[in-house]
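The values are calculated or read from the model by the stated rules, or taken from the named source; none is laboratory data. Remember, it's a predicted structure, so these values are computed and weren't measured experimentally. In this analysis, Cβ positions are derived from the backbone assuming ideal geometry, glycine residues included, and neighbour counts consider all displayed protein chains. Please note that ligands, DNA and RNA were not included when accessible areas were found on the heavy atoms of the full protein model with its side chains. Shrake-Rupley method; radii C 1.70, N 1.55, O 1.52, S 1.80 Å.
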Amino acid sequence: MPESDLTADASLGSGGSFWTTKAVGGLPPIMLTDGPHGVRKQQGSVDHLGLAASVPATCFPPLAGLGQSWDVDLVAAVGAALGRECQQQDVRVLLGPGINIRRSPLGGRNFEYLSEDPHISGVLGAAWVRGVQGEGVGTSLKHYALNNQEDDRMRVSADVDPRPLREVYLRGFRRVVQDAQPWTVMCSYNRVNGVHVSQDPFLLTRVLRDEWGFAGVVVSDWGAVRDRVAAVAAGLDLQMPYDGGAGDAAVVAAVENGALDAAAVERAAARVTALVEKATAAQRSDVTVDADAHHELAREAASRSIVLIRNDGDLLPLTPAGSIAVIGEFARTPRYQGGGSSHVNATRVDIPIDEIRSAAAEADITFAPGFTVDGSGPDGALVDEAVAIAADSDVAVVFLGLDASQESEGFDRESIDLPAEQLDLLAAVAAVQPRVVVVLQHGGVVRLAPVVPVAAAMIDGALLGQGGGAAIARVLFGAVNPSARLTETVPLRLEETPAFLDFPGEHQHVRYGEGLFVGYRWYDTRGLDVTFPFGHGLSYTTFGYDGLEVRAEGESIRVAVRVTNTGSRAGREIVQVYAAVPGSAQVRVPRALVGFAAVELEPSEQRRVEVVVDRRDLEYWDIRVDRFVLEPGTYEISVGASSRDLRASATVDLVGDTVTVPLTVESTIGEAMAHPIAGPVLRQVLPAPPTSEDGGDGLGVDMARMMASIPLERAIAMSGGAATREQLEQLLAVANAAPPVGGDAPEPAGSPPVD
Ligand code: BGC
């Protein structure tokens with residue numbers, strides 16, 4: 001390659017400034033900026049920690065809130081609005097969505113992520129990408145991959161086994177890439193199984209491009225690149241931000257001294273060029289943003305994201321009359337987004353107490369802050385004031401939650417408890433007022449076991465963005481019938497959470513010891529009680545399910561069920577579909593979310609809801625053949641209103657894939673017996689194991705089962721010469737030469753048998 005081309009190509013591979021690519025040749029620079037729930041475009045000083053100011057932009061609900069809507073169309077509509085704001089601000093790539101799995105409730109950045117479940121993360125992540133990109137603005141799917149904690153995030157190695165890697169942590173990324181083709185994917189800071197993601201050819205090339213067909217640009221998280229030469233070789237295209245030119249120079253030198261293939265640099269440059277060309281071609285100068293309309297969309301999105309988690313005695317919705325005590329600093333100073341790089345400078349913020357006052361103009365509404373959020377600790381006078389107004393009112397609405405200092409990008413939480421002063425305040429209020437409604441504002445999950453006994457009603461919007469205040473008022477007084485669902489289990493205790501023993505790890509390693517059993521998969525497998533299960537959420541009406549039909553359609557499953565609004569208000573039900581494989585030969589979770597759909601119904605109205613379950617949600621990763629496999633057999637499909645409120649189940653048989661693993665001398669007698677060729681031969685030559693009928697069970701063991709685990713070569717050695725190694729090798733040659741029966745699994749060259 002001529003030197004000038006090499007220099008130009010290398011320089012395309014790193015930022016020209018904190019937020020832009022480089023102008024190289026005739027190519028203009030383009031701006032990439034955060035994301036995800038609003039446009040954070042900085043104009044003066046720049047940083048990736050959300051410190052310096054950015055231009056005003058609509059602050060939609062962060063993904064922890066928005067995800068609770070389980071609403072694909074709404075998420076796409078928010079994406080489209082974000083895309084328009086980007087066009088107006090000359091932003092060409094919005095850095096989101098963040099779809100990492102919420103592995104532990106302690107994860108400091110959980111508020112930026114969608115769920116503990118990969119299906120909903122993938123489906124909603126894809127909707128968000130489609131929405132933004134539909135407006136001609138790129139996205140950056142992040143943080144690829146396994147950035148599930150903030151502690152030591154730039155060094156820690158997520159040490160994970162292949163099945164959870166594929167079935168839990170990469171599953172959502174795969175869906176977004178395959179279904180929505182984000183223009184860019186952002187590689188994470190951390191290491192995976194010892195390798196820095198920014199220089200991992202397995203993740204950046206083999207999985208992302210070769211397996212999933214990703215055709216866009218891999219961009220580094222800001223400052224994630226340690227060794228640019230290794231990164232380019234692994235498949236990284238764009239190092240962000242500008243590093244003073246050191247990375248470009250290292251790339252040029254590495255090509256010149258033969259350490260780096262020039263073709264890798266050319267490929268990366270071609271991808272960045274294609275991105276810049278696509279983005280500039282899609283640039284629109286005619287886009288104007290109607291700030292009022294976007295604020296209204298933010299309110300609608302927030303309304304859809306509020307989960308009614310408890311409503312004893314139908315305390316909610318409240319009548320907008322009588323006397324209402326509103327308690328808690330968050331009613332006056334709402335917590336509506338998280339801290340760090342996603343922090344948006346909202347165009348305006350709805351204040352809950354103001355919105356409550358205007359929604360219930362006839363009511364006598366009093367307010368007391370009850371506690372502070374400035375870290376100054378308990379304040380008896382504030383509690384007394386709150387108790388006094390609660391005692392004098394018909395109902396108390398108590399705002400509780402986490403303040404900005406308790407969770408942020410950059411560090412993990414140490415506890416999932418609400419602050420003690422808030423719980424004490426709640427207890428004091430409940431002692432004088434039996435009608436207590438709790439409104440929660442928080443990013444990561446909080447322990448609600450102490451709240452349940454004293455709060456007859458609870459609504460939880462996580463973080464709701466700038467329209468949260470109005471949305472809360474709409475739900476409290478019934479202008480909106482809540483329909484959101486939890487995307488994360490609320491556990492009874494931190495000690496019972498799946499990653500408790502392995503979070504955040506030590507000495508730069510964190511072991512994903514819970515394996516496949518993340519989120520509800522863990523609580524369900526262990527039969528643990530939880531405070532509120534994954535998928536939970538109530539409505540001001542009720543729904544009935546009947547007429548479940550389940551049938552196989554090729555490799556998919558078509559599920560249909562009739563849903564009836566059995567209550568007296570119009571409402572929206574989220575029909576959730578879970579799958580189990582009861583007779584599986586693999587380690588399996590008791591049920592996993594494989595689909596969902598929303599239906600809006602007037603009172604007494606019925607509708608048939610259909611969900612097509614994609615084979616990708618049924619497959620397991622088979623480590624013997626290193627690929628996803630659809631296991632043949634019977635699948636149990638359940639539909640219901642949450643992971644623990646299943647209303648109907650039916651089974652369906654799938655043909656599935658046949659996995660043929662070559663027999664070797666290390667295969668066991670049991671494996672050989674199960675083989676279609678070797679099995680019949682062995683049954684002829686092996687002595688039948690003694691049974692109780694012939695008095696041969698004197699050892700008190702099931703001989704057939706005991707022999708099944710003996711490797712073939714060990715059996716030969718123990719046969720005392722009755723069988724020889726040559727005979728065994730002949731048998732293996734015949735068995736392995738046979739074509740796989742009805743299967744499509746590739747023969748893995750030299751793949752060892754798996755025990
Ligand atoms: C965050 C990214 C963000 C980037 C740019 C990093 O600290 O991890 O999510 O997009 O900064 O602000």
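For ARG608 and THR634, what does the FRET efficiency come to when R0 = 25 Å and r is the distance between their Cβ atoms, rounded to the nearest 0.05? Efficiency computed from Cβ-Cβ geometry: 0.55. Sorting LYS142, LYS22 by solvent-accessible area of protein heavy atoms yields LYS22, LYS142, largest first, with a 1.4 Å probe. Calculated [222 nm] ellipticity per residue, helices only, for the chain: -8000 deg cm²/dmol; basis is -39500 (n - 2.57) per DSSP H run with n ≥ 4, divided by all residues, nearest 500. One chain, two ends: MET154 and ASP374. Fully extended at 0.36 nm per residue, the span grows by 76.2 nm beyond their Cα-Cα distance.
Contact order normalised by length for the chain, with contacts defined as Cα pairs under 8 Å and 6 or more residues apart; what percent is it? That works out to 13 percent. The modelled label-to-label distance for the pair ARG562/ARG209, using points 7 Å beyond Cα in the direction of Cβ, is 5.4 nm. A protection proxy built from the mean count of other Cβ atoms within 10 Å ranks the segments 123-131, 188-196, 544-552, 310-318, most packed first, as 123-131, 188-196, 310-318, 544-552.
Normalised per residue, the accessible area of the chain is 37 Å², obtained with a 1.4 Å probe and no contribution from ligands, DNA or RNA. Toward the positive end of the charge dipole of segment 36-167, with +1 on the Cβ of Lys and Arg and -1 on the Cβ of Asp and Glu, the farthest Cα among GLN42, ALA126, PRO61 is that of GLN42. Once the chain from ASP394 to ARG627 is taken as fully extended at 0.36 nm per residue, the excess over their C-alpha distance is 77.8 nm.
For segment 472-549, the Cβ-based charge dipole about the Cα centre amounts to some 260 debye (Lys, Arg positive; Asp, Glu negative; other atoms uncharged). The apolar share of the surface of segment 297-484, taken as the fraction of accessible area on carbon and sulfur atoms (1.4 Å probe, ligands and nucleic acids excluded), comes to 49 percent.
Each peptide in 271-282, 436-447 was scored by the mean count of other Cβ atoms within 10 Å over its residues; highest first, the order is 436-447, 271-282.
For the pair ALA648 and LEU51, label points projected 7 Å from Cα toward Cβ lie 5.8 nm apart.
Charged side chains reduced to their Cβ positions (Lys and Arg at +1, Asp and Glu at -1) give segment 297-484 a dipole of some 600 debye around its Cα centre.
Shape of the chain from its Cα gyration tensor (a ≥ b ≥ c, root eigenvalues): rounded if a/c is under 1.5, otherwise prolate when a/b > b/c, or oblate? The shape class here is oblate. Considering only LEU630, THR372, MET458, and ranking their Cα positions along the charge dipole of the chain that arises from unit charges at the beta-carbon of Lys, Arg, Asp and Glu, the one farthest toward the positive end is LEU630. Extending 7 Å from Cα along the Cβ direction at ALA420 and again at ASP90 yields two label points whose distance is 5.4 nm.
For a paramagnetic label modelled on GLU266 (point 7 Å from Cα along Cα→Cβ), amide N atoms under 18 Å away belong, within segment 1-44, to 1-13. Sorting the segments 152-163, 328-339 by their residues' average number of neighbouring beta-carbon atoms within 10 angstrom, most packed first, yields 328-339, 152-163. The lysines within cross-link reach of LYS278, meaning a Cα-to-Cα straight distance under 20 Å and a gap of 8 or more places when in the same chain, are LYS22.
Given that compact globular proteins tend to follow 2.2 N^0.38 Å, what is the ratio of the alpha-carbon Rg of segment 289-335 to that value? Let's see the in-between values first.
Details: Rg = 14.6 Å, N = 47, 2.2 N^0.38 = 9.5 Å.
For segment 289-335, the normalised Cα radius of gyration is 1.53.
Bridges between two residues of the chain, per DSSP, are antiparallel at a rate of about 60%. For the pair VAL655 and GLU506, a Förster radius of 30 Å applied to the C-beta separation gives a FRET efficiency near 0.05, rounded to the nearest 0.05.
In terms of accessible area, using a 1.4 Å probe and ignoring ligands and nucleic acids, SER69, SER285 rank largest first as SER285, SER69. For segment 543-654, a simple Cβ point-charge model (Lys and Arg +1, Asp and Glu -1, everything else neutral) yields a dipole of about 200 debye relative to the Cα centre. A full extension of the chain between ALA293 and GLN43 corresponds to an added length of 87.5 nm, given 0.36 nm per residue minus the alpha carbon distance.
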